């Protein structure tokens with residue numbers, strides 16, 4: 001069994017890294033930010049991690065009070081992992097880390113996982129002047145609700161309420177549209193994006209994101 005590493009340093013940064021600083025740990029937190037996931041879903045979102053390492057990191061995060069195992073409500077009754085209140089408190093830390101990291105050049109051709117894409121949208125969300133609106137997003141078969149209310153953006157797993165528009169696409173297409181690399185109409189004409197509901201609201205969707213002109217996007 002791997003022995004957890006500690007910095008033996010009373011600094012708050014060192015103590016935070018003692019709890020969640022090992023490789024893959026914060027990416028596991030990223031994958032769970034929007035709701036519980038099964039082990040297989042975590043593996044799909046983190047294809048570079050081996051099953052043994054993922055299981056070890058989950059045990060360590062559970063011991064640190066950041067992650068816990070749970071059962072979904074019937075009829076599913078499936079074992080999942082979810083963030084504790086302490087784990088959810090890492091979201092603003094990860095948002096700032098993501099903003100800092102987005103200034104670095106991209107050095108991989110791999111795409112974003114669905115959770116990583118949702119987190120990227122959350123990172124660059126800037127709904128100033130957008131008004132209150134709700135979207136349903138279906139990405140690679142997974143449902144999310146993106147809601148703008150009171151000048152802030154919330155993203156959560158699943159469909160809730162009555163969205164103004166529904167956008168269904170693969171992660172690469174939604175990323176391209178949201179980050180202004182191509183217009184909504186072009187992705188729709190190619191059959192890579194499906195829209196239902198208010199078309200005007202769908203056309204306004206990319207305006208919710210202030211994407212900096214850097215190599216990190």
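Miscellaneous remarks
- Taking each residue of segment 76-100 that is more than 21 Å from residue 57 (Cα to Cα) and looking for partners that are outside any helix (DSSP H, G or I) and modelled with pLDDT under 95 with beta-carbon atoms closer than 8 Å, six or more apart or interchain, yields 77/71.
- Count of segment 33-61 residues which are more than 13 Å from residue 78 (Cβ to Cβ), within 18 Å of the chain's Cα centre (by Cα), without any contact (Cβ under 8 Å) to a residue 24 or more places away in the chain and part of a helix (DSSP H, G or I): 1
- There is no residue in segment 80-93 that is under 25 Å from residue 139 (Cα atoms), crowded, with 17+ Cβ neighbours inside 10 Å and at pLDDT below 90.
- When segment 99-116 is filtered for residues that are more than 23 Å from residue 139 (Cα to Cα) and surrounded by 10 or more Cβ atoms within 10 Å (Cβ to Cβ), the ones remaining, listed by number, are 100, 101, 103, 104.
Results for (1) within 26 Å of residue 41 (Cα to Cα); (2) surrounded by 16 or more Cβ atoms within 10 Å (Cβ to Cβ); (3) in contact (Cβ under 8 Å) with a residue 12 or more places away in the chain, shown as yes or no for each residue.
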position	(1), (2), (3)
128	no, no, yes
159	yes, no, yes
164	no, yes, yes
184	no, yes, yes
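- Condition broken by residue 65, with the remaining ones in (1) within 20 Å of residue 144 (Cα to Cα); (2) assigned to a loop (DSSP other than H, G, I, E, B); (3) in contact with a helix residue (DSSP H, G or I) (Cβ under 9 Å, 6 or more places away or on another chain) satisfied: (1)
- Across segment 143-171, the number of residues qualifying as over 15 Å from residue 201 (Cα atoms) and at pLDDT 95 or above comes to 5.
The values are calculated or read from the model by the stated rules, or taken from the named source; none is laboratory data. Keep in mind it's a predicted model, so treat the numbers as computed, not measured. Because the Cβ atoms are built from the backbone with ideal geometry, glycine has one as well, and the counts that use them run over all protein chains shown.
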